[in-house]
Structure formats: structure tokens, C-alpha cells
Amino acid sequence: MRVTVVRRVKPLPLGNVLIPSLSIIIGVLLASLVLYLLMNIPPSQFFTYVGEGFVSLETLRDFILLTILGTALIISFKGAVWNIGAEGQIAMGMLAAAYIALFTNLSSSPVLGKIMMVVLALILGGAWGLIAGILKAYLSIDEVASTLIMNYVAYYILNYLVRGPWKGKHTYGYIRTDLIPESVYFSTLPIRGITITYEEILLLVITLVFAYVLLYKTALGVRIRILGSNPEALKAAGVNVKLLTITLLTISGAISGMVGAAQLAGYLHRISYPIETHTPYLGYTAILVAWLSMLDLRAVPIIAFIIGSLNQAGRLLQIAGVGGIAVTYLFIGTILVTFTILRVFSEYRIKLIRG
Amino acid sequence: MNNIVLKVKNLTKRFPGVTALDNVSFELRYGEIHGLLGENGAGKSTLVKILYGIYTPDSGEIFIDGRKVVITSPIDALKHGLALISQNPQLIDKLTIAENLMLGLTRLGLMTPIRRIYGKLKELSEELGIEVDPNIEVWKLSYTQKQLVEILKALLLGAKVLMIDEATTFLPSNEKRRFYEFLRKFTLEGGSVILITHKIREALEVSDRITVLRLGKVVGTVRPNEVSIDEVRMMMFGERIKEISYYTEEQIKASVRDKVVLEVRDLWVLGDHGTYAVRGVSFNIHRGEILGIAGIAGNGQNELAQSIMGLRKVVRGRIVIDGHDVTNKDTVKVRELGVGYIPDSPLKHGIAPDGSIEDNIAMLPCIAKGIVRWSYVRSLAKKLISEYDIVTPSTKTPMKLLSGGNIMKVLVSRELSIAKKLLVAYNPTRALDEATAVKVRKMIKRKALEEGTAVLLISEDLDEVLQLSDYVAVMNSGKIVSLIPKERIVREEVEKLMVVK
Amino acid sequence: MDTIIQSILAIAPAFTAYYLTALGHGFFEKSGVLNLAIDGVFYLSVAVAYASAVYMGNPYIAILISALTASIFGILLAFIVTKLPISHGAAGLSLMFLSYGLGALIGNPAVFRFREIKMTNIEFSINIPRTPLTNVALFMVSIVACLALLYILKGTKLGAAIRASGEDPHAASALGIDVLKIRLLAGAIGYALIGIGAAIFELVWLPTWQQMHGMGHGWIAFAISLSSGRHPVLTMLTSTAFATLLTYQYLLQAAYNLSPEIAKMTPFIAAIAAMTIFMVTPLRRKLSPPLSLGKIFFKEERTL
């Protein structure tokens, strides 16, 4: 009796809903198991925190940012261009925004300052993606390796600046930049406990509309989707695939950069050293969001909310003494491992052959 | 039964839409070179791939030395002494010859030093009459040398049956002779050979017996000294299909053929194995003219079409479309000139399986730029669907859910509607039912006559080529061996030119 | 003269840590598996090494346990991506995140235990002392590993099979190789080395532990391996360069005002530069990635 894996003729019905849901459920269960075995945290306690995460107001922040990021990554992923560099692009966006805010006069004007912060963040984030795009299009360098590496380069650039030329004057011994001028703070919603801002909601809406129009109303969008299905057909049809790849990484990077600006202006208000420990790893979590959404734009907000809640649950667990980011990593890991394996079943099925 | 090394009984193999082998029975004797002849799609390759464990038959039995066997993989086949040598050497470029060959020696453990087989290799290569440095990396070898290494590998693994699948097609003639000398030596020592080729003369010269397949069935087994080339040709191609007329005489006279749309001059294009697939091809196609290229697949037709479309590098020569030199220019430029392209493998180069019909239409730059007018795309899709009877639940269904025939219809209809100056069509009616095939051919002819589109028609269906073309070129071994205007075509001559070498 | 030797020997811990990790990573990737789990499993192995040393009181056993743990993950990754048609990148990143989580959850409690022990036994330490002898031993270990892997890769059937699986697993399969078995072996051996490298990182070079300790250093080894074309001997040179940079970063910082961030960035910039150079020069042949690296190996019956 042999067990073989055979391609499906028709895709699994409701696979797009079933597989992410199962992955999340099984992943969370596995995470609670690990936490119980390693840290003696009773599952009941874990699930209470998970539940709290879902209703916590702070979750909304992750929700908004992850939706924007997930959308940005889906644009790239739909073309089968794997932008793993959102972390670095966010960092570069933060750098750009910090530059405008701290070192130019533009920060005195609220409207112009904020716009310029976002614009420069789009440019720098886009440039970061552009580099990886050029490496892939003209040198066939795998974008996964290059974007990953560039994440670290971005971290180090920022850390260097924060420790050196950008070190704040009023920092009371901490290594970080000064607070950005209040004039360019994003405006928080006037609800107690909430950390999201009007500007971020605006950016969210703009991003969603942009992504929808791009992917479904423009020729570029058609080409992106075909690129992800069969690049050879696209080439034979007369489309410049190299240019397309570069464009994808640039757009994806630009939007990610924008999130960096939002994070700075809307929440952190300063950059602290070392940067890796102070960004909630949005860039990597966003990959999870994009994948779990099965590259469907409509699913992104839902998945972003769920993952954001889990993130928040992790933070709450930290307050209880377990090391929040560790829990986040744990469930990203368990969900992703489950998902990667279950995903196989949407396109393949197990066949038993006798003899 | 002692002198039969391999016997195949009632072997049947079906693929979606086509029966590749239909109740085929076949016997191979010890010490014989057995030629297997047939047209494209006759089933020759499928037969040996089943024997080599790459495919599994739907029904039928295989006997080796009188014992029934089941072959599930190439490793299995090798254990039974069957080795397949195909047109594409299955060697790993970055590894040395010795390393490549060592991989198949399952008796040797993983920690066995490579040096261990140097002695045996030397012995075998001396027998073969060639010099082989076991330490050379395979990428440095010429195509011929790689094929020789393949044989070396088969010998090393103790093969007693060599199945040669069109492996001599790209060999220069002096090396081909040596190859056949070696095969003869091999059989004298008790080995057997199944030699697949479509070149009748070669087969007649070298084989002890010849079996001809047509459309998956065995037509007959004969001895070379008992048949003529023409009789074998008859067996391979069968009866002529009734001619269908696609035009009237008046229509031909009325169409103007003044301007040259496609000019190809002394074209040399490399194939995938480092040898030239297209060797100095030249021809012109005028406005409204159809040039048909007949020939068995693998003689350079695909490489020719790809080079015209900018998908393959031209080493020497010129391609000029509508006065513009497009040699080695990007596909983008070629398409901009109004060129339609029906590629060889539609699923690989023609359409995107995850996209819908609408997507596959809208991806063409000539249809959609900037904002897509989906209403226009949809109406175009609907037009194509109704005109060609494409079966699909909607215009938004992903292409991969459609049957092979319908996918082909989408591709062909799309290209026919956008081709303005030139249409390059490779097997445009493959996988289509007869009714649609006729419709497509009518459309192609109409485009040429009424719209003045020049057509380069490359087809493995000889009838199609003969019925549609104004001129017929026969492509053999990368060259155009003949260019005949329609009035002077004699079918048997064309067939001969296709297969004689 | 003595101080020169001492200075060279001083880089031994950093060098060995990065070198063994990069060596194991390159060895594994040669079999065709894109190894994106490296940073995660490195981090996990660091934590495991720390925890084992704390709980067992013996750093040498800790090295063994670390190697074994890493090996298991290597086998797991090799299995998933070869048996199932799964994207290597997805599988690797999944394991990376999982390992990040597990590592933190293993390390954190160990820190508490460590402090507990320290209260009663102030002499307790988990690290292997850095003496000239240990430094020499570390160099020896690295050289032995290099020679061993070099021999396997170039001189044995196993090495040929590994490289074949990386270049063209379908051809390798047709030639008679069980690609799955080969990749499992490559994963076990490669990741065992990664585990040892991580243990050295923790127990000899930087014997502390806090939650982020070791994160990112797997990527440094990844970059080192990439820059050296995954060649065992070249990897030594690159590892030496970066180990020197990082061991003396404080000295260099004082002397040349070289910030540690710049120091840490160099392996990554070098990796990108190296990848570029490999692609455009004839070096491509020898040092380019295995042709089928990261490609999904899935046998489907082909239709006509």
C-alpha cells in the first residue's frame, strides 16, 4: 500500500475558508499545549487571555496596521513575488518620517508635515523594495533572501542613527531620539484606551481602495495576477516581466514604509534603540496575515483582526510574566506550520495505491 | 521462448482526451536492433516510457525473459536491465561523469569514495571505443559526449536492453555512425536495442526488424530487406483524409500578395542542448499568404517560432517583420507590430491557468492599457465563447477548470482576433474536436484572404498544412529542405522529405 | 609574537560559532532545500544550550543536546518540503517563528533557575572557559569539520547524491537516488553542525542569556554562507573576516570610530555584493546556488 499525493482536479470546496480557520484553531490549540508543557500555564488561563485579546481596545492598532500591511503584501504575493522585507521597509519608512519630523522645518506645519512624512516614507520604503526588485529582475537573485537580508541592514542603519547622529538631547539616559514635535503627532481617537488615530484610518481606507482598484480595475493588476499564475504566458503576450517585478516590490515596499511613518507619528513618537525590540514585528506578522487570507483582499481585515487579537493576548501574557513577544512568535509559528501543511490539501489530496 | 528478452502484451495507455497506446503487443529478441517507427503521437515514446517506469499502463502486461514484471519507476526498470536514452540527457551538469554514474549504483554504500568506479569506467569506455575522463564535469561535455555518457551509464548498470528514443536526432553524421557501430557491437554481445526514430532510411539501414505504430496501434512488423521506403511510409501515414476546400479560386486570385510581411534570412538558433536547432533557414511570407511548415516535431520548428516571437536568442541571421528588424528584440516589440502567436505548449506559454477568460484576454497589452474596460473585455470574451462554442460556466471561471480542448479554443480564438499583420501558429488545432478544427482553419484562411494577415503555419498535422497553405516548406533537421508552391505538391513526396535522412 | 597569536586565537569562539553554523547551513542547502529556518533554529539551539547547561551543570552535554535538537528540526524541514509539495520558504519561515517562540519559552525559565543556583553556589557557571587551549581546540574542530565535509561532498557517493539532489532532484531520482533519504541525512548533519555552532556561540563566546539573545546571528551565518558560495573553505575565510570584526568591534569602535551596527551590517552587505558578483561573473559555475534550491520537488505524472 503506497501513500501518494495527487493534484486535485477541482479545488477543495470552501477550501479558502476552511483551511485558514482550521489553521488558526489548531495553531492556537498547539500553542496552548506548548505553553502548558513548557511554562505550566493552564490552558484555561491562556484562553482567557486570548479572549481578552479579542475585546481589547489596543488590538485595534494592530488590526489597522496589519490590514494595511497585509494588503501591501498581497499585492506583491499575488504576483508570486515574495516580499519578506516588510520589516525593513517599515523601518526605512520610520526613518524617513523621523527625518522630516526631527530635522526639517516642515514639522512645524501639521498638515504639510504629516503629508511629507508619509510621502518620504513611501519613497524610502519603495526604494528599499526597488533594490530587491532590481536584484531579482536583472540578476535573478531570489527576493526572499535579499529582502530578508535588507531587513537587517535597515535595522542596523536605524540603530546606528539612533545611537549616533540622531541621538536625542532630552533622553534621560535612554538611547533614543527626541520626541517628534507634537504638531505632527497623528490625532488619536477621542475614546479612552484607544490608540488608533484618524490619520491611520484614512491611510487604511486609501490603501484598501488603492489595492482594489489596482488589482481589479487596471491592466497592471491583471498582469500582476497573471504573473503569479504563469509568467511565461505573460512574456509571450508581450509584457515586460522584469519591469513588472520591480514595480511590485516597489509598491509593496512603499506601502510598508508608510506604515512605518504611521507607527512613528501615531504611537511611538520617537525611535528607541534597539529598534528590533520596539517594533512589534509587524512586518513578519503581516506575512502571516497575507498568507492566511489566501491572497484574498476581503479576508485581510478579518485575519488581521484575529492575528492582532492574538498579538494582544501575547502582550497581556507578558504582563503576567511570560515574555509577550515569545508567545506571539509561538502562535505565529504554530499557526503557520499548520497552515503550510494544511494548505497542501487545497490543491492536492492523498491517494492510497494498492500493491 | 528463449530468444525473446522482452515481451509486451495488449498494452493500453490513455491520457485525458487521447489514447496513446491501444492494445499494443510487441516482442524484442536477444541480440536484435528493433526499429520503432511512427509519426508524432503514434505512441512510440509512450511505449518506452512505460517500459522505463515513467508511466504506468492502464492495462496490459510486460514480460522479461518470460517472467511477468511490474515496473513502477526507472530504478525498477534498471533493475530489470532496461535503460532509456532519450533526446535530453538526464545528467547533472555540475557533477563529474564519475559522480553522475555512481548515483545509480545502488549496491555501493553512501560513503563509498568516488574513486572506486574509476577502474570500471575506464574498462567500459575502452570497450565503447571512446576516451572518457571520469573527472570532467558534465557541463563541459558536448551533446554527443553526453549521450555517450548516458550509454556508459546504461552499461555500468548492467542494462541488457537499450531503448533509444530519438537520441540520434541531434548527432552529427560521423558520430551517428559511431553510435550505430557501437549498438551493433552491443547486440553482438547479447544485448538488445529498441531504436525509436522517424527517419525511415536510418531505421532501415540499422535495424534487424521494424515495427510501425500509427495512432497508438501496431500497424505491422517487417524486415528491412522485405520492404521499400515507400511501403514503410504508407504504414506510418496511412490513407489520405478527404480534402476540404477552404476557399474558391476567385478568392485566391483576388487577394493581393504584394508586400513582404515576414522575412527570415539565414537564421541560426540554438536548441536546448547546445546544438543548433535551426540551421540557416530563410523564407518570406507576403501579405495574405500562408506558409505552412511540415515536419515531424523536433526538427527545429518550435525554436524557429520562438525566435520569431523574441522568446529565443538568434545566433545568426535576421528576422524582419513589416519592415522592422526584430532580431533578438523583446517580445513586447514583436507583439506591438500586430503579431498573434499560438505557441507550442498552450498551458506553458499561452494562458495562465489561474486566470479567467477575461483575465487571459486583458493581459495582452494591445487589449488593455491603464484602466481596464471590463465591459469591453467581457463582450470580447462572450463573442469568442459563442463563436467557438467554448464550454465554460462563465467568463470569470479560472481557466484551469476548463477541459484541454476548451483551453485551446480560448487561446486560438484570442490570438486569431488580435493578430493583424502576422500570425505565427504552432499546431493551432491540436486537442480540438474536428468541427472546431475546421472552423479554426477557415478562420485562418479568412484572415489571410480578407484581412491580409500573413500566416506562418507550423503543424504536425500534414493534412492541415497541405489544405491551408499557399506554399509548403518541409523542415528536417533544422533546415528547410524544400519549398513548394501549392500547385506542385505531391503528398507522398512531402512525407518522404519529412522522414528521410 | 605572543600577543599576535593570542589576538588571533581570541577570535576562535566567534569564528567557530559562525563557521560551523554557516558550514552546516551550506551543506544542507546543497541538497536543494532553501533553509530559511536557520535563524529560528539557531536561536532555539542557543536557548537549549543555555538551558541544558544550567539544568545539567555540564556545558559539554549541553553541546550534544543542542546538536540533537537542531538535528531534529533539520530532519523535519527536509521531510516536509520533500515529501509534500510545500513552498520551502513558507516551511522554513514557519519553523523559524515556531523556534523563536520555543526558544524564548525554554530560555526564560532557565534564567530563573540559573539565578536560583547562583544564590547557593556562587561559583556556578555554564560557560566553557576561554583559554588558549580551548581556542586552539575550537580551531581544530573547525578545521576537522571543514575537511570532513569537504571529503564527503567531493569524494563520496553521499556528497555526489546531495549535490545532485540540489541541482536537479528529478534527474537525481531518475539516476537512482532516494532524494528524500539524502535530504534527511543532509538536514541531520547540517543542522547538527548548526546546533554545535549555536552552542559554542552561547557557551564559549557570549555566555549570557536574555530573551533576544542570538536572534539575527543565524542570518549572519546565512549571509556568510551565501557570500562564500557555500564552499567549505571559502566560508572559513569569510567567517574569519566577520569574526575578527565582531570580536574586536569595541576595540575597532574606539580606534576607528566603527559603530557596532556598521560591523554587524557588513556580512549582509557582503552577501548581497557576493550574490551579485556570482551572478555576473564566471564564478557562477562554481559558487552559484544549487540550481533547484527552493524548488518544489513533486512528481506528477505528465500528460501528453
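The values are calculated or read from the model by the stated rules, or taken from the named source; none is laboratory data. In this text the structure is predicted, and so the values were computed from the model without any measurement. Note that we place each Cβ from the backbone using ideal geometry, even for glycine, and neighbour counts take in every protein chain shown.
For residues in the range C:70-88 being assigned to a helix (DSSP H, G or I) and small (Gly, Ala, Ser), which is surrounded by the fewest Cβ atoms within 10 Å (Cβ to Cβ)? Before you say what the answer is, go through the steps one by one.
Kept after step one, since they are assigned to a helix (DSSP H, G or I), are these residues of the range C:70-88: C:70-83, C:88.
Remaining after also requiring small (Gly, Ala, Ser): C:70-71, C:74, C:78.
Numbers: C:Ala70: 33, C:Ser71: 23, C:Gly74: 32, C:Ala78: 28.
Among those residues, the one meeting the criterion is C:Ser71.
Could you check how many residues of the range B:358-387 are in a helix (DSSP H, G or I) and either in contact with an Asp or Glu (Cβ under 8 Å, 6 or more places away or on another chain) or under 29 Å from B:Ala297 (Cα atoms) (or both)? Let's see the steps before the verdict.
As a first pass, look at the range B:358-387 and keep what is in a helix (DSSP H, G or I): B:358-362, B:374-387.
Keeping just the survivors that are either in contact with an Asp or Glu (Cβ under 8 Å, 6 or more places away or on another chain) or under 29 Å from B:Ala297 (Cα atoms) (or both) gives B:360-361, B:374, B:377-378, B:381.
Number satisfying all stated conditions: 6.
Pick out the one residue from A:Gly221, A:Gly173, A:Gly238, A:Gly193 that is crowded, with 20+ Cβ neighbours inside 10 Å and on the phi > 0 side of the Ramachandran plot. Walk me through how you get there before you give the answer.
On the way: A:Gly221 fails: on the phi > 0 side of the Ramachandran plot; A:Gly173 fails: crowded, with 20+ Cβ neighbours inside 10 Å; A:Gly193 fails: crowded, with 20+ Cβ neighbours inside 10 Å.
Only one candidate passes the filter, namely A:Gly238.
For the range A:43-55: of the residues being within 30 Å of A:Arg298 (Cα to Cα) and among the small types (Gly, Ala, Ser), which is surrounded by the fewest Cβ atoms within 10 Å (Cβ to Cβ)? Full working, then the answer.
Residues of the range A:43-55 within 30 Å of A:Arg298 (Cα to Cα): A:46-55.
Restricting the remaining residues to those that are among the small types (Gly, Ala, Ser) gives A:51, A:53.
Numbers: A:Gly51: 12, A:Gly53: 23.
Among residues in the range A:43-55 that are within 30 Å of A:Arg298 (Cα to Cα) and among the small types (Gly, Ala, Ser), the one surrounded by the fewest Cβ atoms within 10 Å (Cβ to Cβ) is A:Gly51.
Considering A:Leu189, A:Leu179, A:Leu203, A:Leu208, which residue is aliphatic (A, V, I, L, M) and under 30 Å from A:Arg163 (Cα atoms)? First the steps, then the outcome.
On the way: A:Leu189 fails: under 30 Å from A:Arg163 (Cα atoms); A:Leu203 fails: under 30 Å from A:Arg163 (Cα atoms); A:Leu208 fails: under 30 Å from A:Arg163 (Cα atoms).
Residue meeting the stated conditions: A:Leu179.
Working only within the range B:63-88, note down all residues that are closer than 16 Å to B:Phe26 by Cα and either surrounded by fewer than 20 Cβ atoms within 10 Å (Cβ to Cβ) or within 27 Å of the chain's Cα centre (by Cα) (or both).
Restricting attention to the range B:63-88, the residues satisfying the condition of being closer than 16 Å to B:Phe26 by Cα are B:63-69, B:82.
Matches in the range B:63-88: B:Phe63, B:Asp65, B:Gly66, B:Arg67, B:Lys68, B:Val69, B:Leu82.
When both residues are 6+ apart or on different chains and their Cβ atoms are under 7 Å apart, which pairs have a first residue that lies in the range A:216-234 and is at the interface with chain B (Cβ under 7 Å from one of its Cβ atoms), and a second that is in a helix (DSSP H, G or I) and among the acidic types (Asp, Glu)?
A:Val222/B:Asp359; A:Arg225/B:Asp359; A:Ile226/B:Asp359
Go through the range C:117-168 and count every residue that is more than 14 Å from every other protein chain (Cβ to nearest Cβ), part of a helix (DSSP H, G or I) and of a type in the set (S, T, N, Q).
Start the filter on the range C:117-168 by keeping residues that are more than 14 Å from every other protein chain (Cβ to nearest Cβ), which leaves C:117-147.
Checking the rest, the ones that are also part of a helix (DSSP H, G or I) come to C:117-120, C:132-147.
Those left that are additionally of a type in the set (S, T, N, Q): C:120, C:134-135, C:142.
Matching residues across the range C:117-168 total 4.
Within 30 Å of A:Gln318 (Cα to Cα), assigned to a helix (DSSP H, G or I), within 14 Å of another protein chain (Cβ to nearest Cβ) and more than 13 Å from the chain's Cα centre (by Cα): does that describe C:Ala53? Don't jump to the end; show me each part of the working.
On the way: within 30 Å of A:Gln318 (Cα to Cα): yes; assigned to a helix (DSSP H, G or I): yes; within 14 Å of another protein chain (Cβ to nearest Cβ): no; more than 13 Å from the chain's Cα centre (by Cα): yes.
When the stated conditions are applied, C:Ala53 does not pass them.
Would you be able to tell me the number of residues in the range A:199-246 that are among the charged types (D, E, K, R) and closer than 16 Å to A:Ser76 by Cβ? Even if it seems obvious, please write down each step before you answer.
Looking only at the range A:199-246, we keep the residues that are among the charged types (D, E, K, R), and these are A:199-200, A:217, A:223, A:225, A:232, A:235, A:242.
Still in the list and also closer than 16 Å to A:Ser76 by Cβ: A:223, A:225, A:242.
Adding up the residues that qualify gives 3.
Residue-by-condition table, conditions (1) surrounded by 13 or more Cβ atoms within 10 Å (Cβ to Cβ); (2) charged (D, E, K, R); (3) within 10 Å of another protein chain (Cβ to nearest Cβ):
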site	(1), (2), (3)
A:Thr4	no, no, yes
A:Ile19	yes, no, no
A:Leu30	yes, no, yes
A:Val34	yes, no, yes
A:Ile41	yes, no, yes
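When you scan the range B:404-418, do you find a residue that is within 14 Å of chain A (Cβ to nearest Cβ), surrounded by 20 or more Cβ atoms within 10 Å (Cβ to Cβ) and over 30 Å from B:Ile285 (Cβ atoms), even just one?
Taking every residue of the range B:404-418 in turn, none turns out to be within 14 Å of chain A (Cβ to nearest Cβ), surrounded by 20 or more Cβ atoms within 10 Å (Cβ to Cβ) and over 30 Å from B:Ile285 (Cβ atoms).
Considering every residue within the range A:62-69, establish whether at least one is buried (at least 18 other Cβ atoms within 10 Å of the Cβ), under 30 Å from A:Thr207 (Cα atoms), among the polar types (S, T, N, Q) and touching a Phe, Trp or Tyr at 6+ places or on another chain (Cβ under 6 Å). Walk me through it before giving the result.
Applying the first criterion (buried (at least 18 other Cβ atoms within 10 Å of the Cβ)) to the range A:62-69 yields A:62-69.
When the remaining residues are screened for being under 30 Å from A:Thr207 (Cα atoms), the result is A:62-69.
Within this subset, residues satisfying the condition of being among the polar types (S, T, N, Q) are A:67.
Remaining after also requiring touching a Phe, Trp or Tyr at 6+ places or on another chain (Cβ under 6 Å): none.
No: the range A:62-69 contains no residue that is buried (at least 18 other Cβ atoms within 10 Å of the Cβ), under 30 Å from A:Thr207 (Cα atoms), among the polar types (S, T, N, Q) and touching a Phe, Trp or Tyr at 6+ places or on another chain (Cβ under 6 Å).
If you go through the range C:233-248 one residue at a time, do you hit one that is touching an Asp or Glu at 6+ places or on another chain (Cβ under 6 Å) and among the small types (Gly, Ala, Ser)? Steps first, please.
Let us first name the residues in the range C:233-248 that are touching an Asp or Glu at 6+ places or on another chain (Cβ under 6 Å), namely none.
The answer is no; no qualifying residue exists.
Determine if the range B:423-430 includes at least one residue that is among the hydroxyl-bearing types (Ser, Thr, Tyr) and not assigned by TED's automatic domain parsing to the domain that holds B:Gln301.
First pass over the range B:423-430, keeping only residues among the hydroxyl-bearing types (Ser, Thr, Tyr): B:426, B:429.
Remaining after also requiring not assigned by TED's automatic domain parsing to the domain that holds B:Gln301: none.
Within the range B:423-430, not a single residue is among the hydroxyl-bearing types (Ser, Thr, Tyr) and not assigned by TED's automatic domain parsing to the domain that holds B:Gln301.
A:Ile68 versus (1) at pLDDT below 85; (2) within 11 Å of the chain's Cα centre (by Cα): which is the lone unmet condition?
Of (1) at pLDDT below 85; (2) within 11 Å of the chain's Cα centre (by Cα), only one is false for A:Ile68: (1).
Working carefully through the options C:Leu283, C:Leu287, C:Leu193, find the one that is more than 12 Å from chain A (Cβ to nearest Cβ), modelled with pLDDT under 80 and touching a Phe, Trp or Tyr at 6+ places or on another chain (Cβ under 8 Å). Give the steps one after another, and end with the answer.
On the way: C:Leu283 fails: touching a Phe, Trp or Tyr at 6+ places or on another chain (Cβ under 8 Å); C:Leu193 fails: modelled with pLDDT under 80.
Criteria check complete, one pass: C:Leu287.
Count, please, the residues in the range C:20-41 that happen to be aliphatic (A, V, I, L, M), assigned to a helix (DSSP H, G or I) and within 12 Å of chain A (Cβ to nearest Cβ). Let's see the steps before the verdict.
At the first step, the residues of the range C:20-41 found to be aliphatic (A, V, I, L, M) are C:20, C:22-23, C:33-34, C:36-38, C:41.
Then drop every residue that is not assigned to a helix (DSSP H, G or I), which leaves C:20, C:22-23, C:38, C:41.
When the remaining residues are screened for being within 12 Å of chain A (Cβ to nearest Cβ), the result is C:38, C:41.
Result for the range C:20-41: 2.
When you check B:Leu411 against the structure, is it out of contact with any Lys or Arg (no Cβ under 8 Å at 6 or more places or on another chain), under 25 Å from A:Lys10 (Cβ atoms) and of a type in the set (A, V, I, L, M), yes or no?
Working: out of contact with any Lys or Arg (no Cβ under 8 Å at 6 or more places or on another chain): yes; under 25 Å from A:Lys10 (Cβ atoms): yes; of a type in the set (A, V, I, L, M): yes.
Considered against the rule, which asks whether it is out of contact with any Lys or Arg (no Cβ under 8 Å at 6 or more places or on another chain), under 25 Å from A:Lys10 (Cβ atoms) and of a type in the set (A, V, I, L, M), B:Leu411 comes out as yes.
Given the criteria under 22 Å from the mean Cα position of the chain (by Cα), surrounded by 24 or more Cβ atoms within 10 Å (Cβ to Cβ), more than 10 Å from chain B (Cβ to nearest Cβ) and assigned to a helix (DSSP H, G or I), does A:Ala265 qualify?
Details: under 22 Å from the mean Cα position of the chain (by Cα): yes; surrounded by 24 or more Cβ atoms within 10 Å (Cβ to Cβ): yes; more than 10 Å from chain B (Cβ to nearest Cβ): yes; assigned to a helix (DSSP H, G or I): yes.
Yes: the conditions hold for A:Ala265.
Which condition number does C:Leu102 fail, the rest of (1) more than 10 Å from chain A (Cβ to nearest Cβ); (2) buried (at least 17 other Cβ atoms within 10 Å of the Cβ); (3) modelled with pLDDT of 90 or more being met?
C:Leu102 satisfies every listed condition except (1).
Could you list, in sequence order, all residues of the range C:166-176 that are under 24 Å from B:His80 (Cα atoms) and buried (at least 23 other Cβ atoms within 10 Å of the Cβ)?
Narrowing the range C:166-176 to residues under 24 Å from B:His80 (Cα atoms): C:169-176.
The answer is C:Pro169, C:Ala172, C:Leu175.
Starting from the range B:427-441, take each residue that is within 21 Å of B:Ser345 (Cβ to Cβ) and list its partners that are small (Gly, Ala, Ser), counting only C-beta distances under 6 angstrom and pairs at least six apart or across chains.
Sorted first by the residue in the range B:427-441, then by its partner, the pairs are B:Asn427/B:Ser459; B:Thr429/B:Ala437; B:Ala431/B:Gly404; B:Ala431/B:Gly405; B:Leu432/B:Gly405.
Can you tell me which of (1) surrounded by fewer than 24 Cβ atoms within 10 Å (Cβ to Cβ); (2) within 14 Å of chain A (Cβ to nearest Cβ); (3) of a type in the set (Phe, Trp, Tyr) is the one C:Phe114 doesn't meet?
Only one criterion is unmet by C:Phe114, namely (2).
Is it true that B:Val315 is at pLDDT 90 or above and buried (at least 24 other Cβ atoms within 10 Å of the Cβ)?
On the way: at pLDDT 90 or above: yes; buried (at least 24 other Cβ atoms within 10 Å of the Cβ): no.
It is false that B:Val315 is at pLDDT 90 or above and buried (at least 24 other Cβ atoms within 10 Å of the Cβ).
Within the range B:334-357, restricting attention to residues that are free of Cβ contacts under 8 Å to residues at least 60 places away in the same chain and in a helix (DSSP H, G or I), which residue is nearest to the other protein chains (Cβ to nearest Cβ)? Explain how you work it out, then say what you get.
Step one: filter the range B:334-357 for residues free of Cβ contacts under 8 Å to residues at least 60 places away in the same chain, giving B:334-336, B:345, B:348-349, B:352-357.
In the following step, the residues that additionally are in a helix (DSSP H, G or I) were identified as B:334-336, B:348-349, B:357.
Working: B:Val334: 7, B:Arg335: 3, B:Glu336: 7, B:Lys348: 6, B:His349: 5, B:Ile357: 12 Å.
Looking at residues that are free of Cβ contacts under 8 Å to residues at least 60 places away in the same chain and in a helix (DSSP H, G or I), I get B:Arg335.
Out of all the residues in the range B:184-212, which are closer than 27 Å to B:Gly295 by Cα and assigned to a helix (DSSP H, G or I)? Step through it out loud before you land on a result.
Looking only at the range B:184-212, we keep the residues that are closer than 27 Å to B:Gly295 by Cα, and these are B:193-212.
Once the filter is applied, which keeps residues that are closer than 27 Å to B:Gly295 by Cα and assigned to a helix (DSSP H, G or I), the range B:184-212 yields B:Ile200, B:Arg201, B:Glu202, B:Ala203, B:Leu204, B:Glu205, B:Val206.
Show the residue pairs meeting these rules: Cβ distance below 7 Å; 6+ apart or different chains; first residue within the range B:39-65 and at negative phi; second residue assigned to a loop (DSSP other than H, G, I, E, B) and of a type in the set (Phe, Trp, Tyr).
Qualifying pairs under 7 Å: B:Thr46/B:Tyr55; B:Lys49/B:Tyr55.
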